[in-house]
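Data block below; observations after.
Quick note: the coordinates plus some simple rules give every number you see, no bench work behind them. Predicted, not measured: the structure shown is a model, and the values here were computed from it. Every residue, glycine among them, receives a Cβ derived from its backbone with ideal geometry; neighbour counts consider all protein chains shown.
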Amino acid sequence: MVILDRDGVINHQADDDVTTVDGWDPIPGSIEAINRLKKAGYLVTIASNHSGIARGYYSEKDLQQMNDKMQKLLAIRGASVDGIFYCPHGPEANCICRKPKPGLLFKIASQFEIDLSQTPVVGDNISDIQAAKMANAKPVLVRTGKGEYVMQHFPEALDVPVYDDLAHFVRETLRRK
């Protein structure tokens, strides 16, 4: 199993949230990387925060359309994501599912009966790293999205493996397998 954040890992991240299907643009190599993981036998899920729903920037239907676009791009290559988990709440809700809290990761572990201590969680934000550490999973940082910023401003990110992008992480993971 590999757990991925979405914005900044799979698709380009706008300054704020990606709010439309037209604005959802995959990072070069990310769709192919997910395809490679799937062909190598990995389960692949997504765990992402979408507080733009709570803030009224976009709807759950809009989010579904963005996820459908991603799944269609994967389907062209004969792959799909095994599960998409998200938190629609804003930070003020203080819910367990919003990263940096580990609720989404625990939900994935329960549904797929996996050991999080053996599971990489690939993200571009400090909240991804914090959630992975709280869940006793394996945090991984990519430089895309907010990754460079995180490396420069959060000392706790310095002990986490860093990859240029999702494609680089997948190449190295499959090489070591």
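Some points to look at:
- Approximating the spin labels as points 7 Å out from Cα along Cα→Cβ, the residue 94-to-residue 149 distance works out to 2.6 nm.
- The three principal axes of the C-alpha atoms in the chain carry coordinate ranges of 43, 39, 33 Å, sorted with the longest axis first.
- Ordering 173, 132, 21 by Cα displacement along the dipole of region 2-176 toward the positive end leaves 173 in first place; charges were set at the Cβ atoms of Lys, Arg (+1) and Asp, Glu (-1).
- Normalised by residue number, the volume inside the convex hull of the Cα atoms of region 69-142 is 108 Å³ per residue.
- Under a 5 Å amide H cut-off, with hydrogens placed 1.01 Å from N, residue 48 pairs with 85, 86, 87 among residues at least 5 apart or on other chains.
- Rounded to whole Hz, the Karplus (6.51, -1.76, 1.60) HN-Hα couplings of region 124-140, x for glycine and proline: 10, 10, 4, 5, 5, 5, 5, 4, 4, 5, 5, 8, 6, 8, 9, x, 9
- Region 2-176: relative contact order in percent, alpha carbon pairs under 8 Å with at least 6 residues between: 24 percent
- Model label sites at residue 60 and residue 80, defined 7 Å from Cα along the beta-carbon direction, differ in position by 2.0 nm.
- Cα-projected label distance for residue 156 with residue 69, points at 7 Å along beta-carbon direction, nm: 3.3 nm
- DSSP bridge orientation in the chain - percent antiparallel, rounded to nearest 5: 5 percent
- ³J(HN,Hα) computed for each position of region 160-167 - Karplus, 6.51 cos²θ - 1.76 cosθ + 1.60, integer Hz, glycine/proline x: 9, x, 10, 10, 4, 6, 4, 4
- A simple charge model with +1 on the Cβ of Lys and Arg, -1 on the Cβ of Asp and Glu and nothing else charged puts the dipole of region 73-177 at about 200 debye relative to its Cα centre.
- Rounded to the nearest 20, the Cβ-based charge dipole of the chain about its Cα centre (Lys and Arg +1, Asp and Glu -1) stands at 660 debye.
- The chymotrypsin sites (Phe, Trp or Tyr not before Pro) of region 1-58 that meet both conditions, a loop assignment by DSSP and at most 15 other Cβ atoms within 10 Å of the site Cβ, are 57.
- Distance cut-off 14 Å, percentage of C-alpha pairs in region 7-52 lying past it: 56 percent
- For residue 2, distant residues with modelled amide H under 5 Å away: 43, 44, 45
- A quarter of the convex hull surface defined by the alpha-carbon atoms of region 1-81 gives 5.0 nm² as the mean projection.
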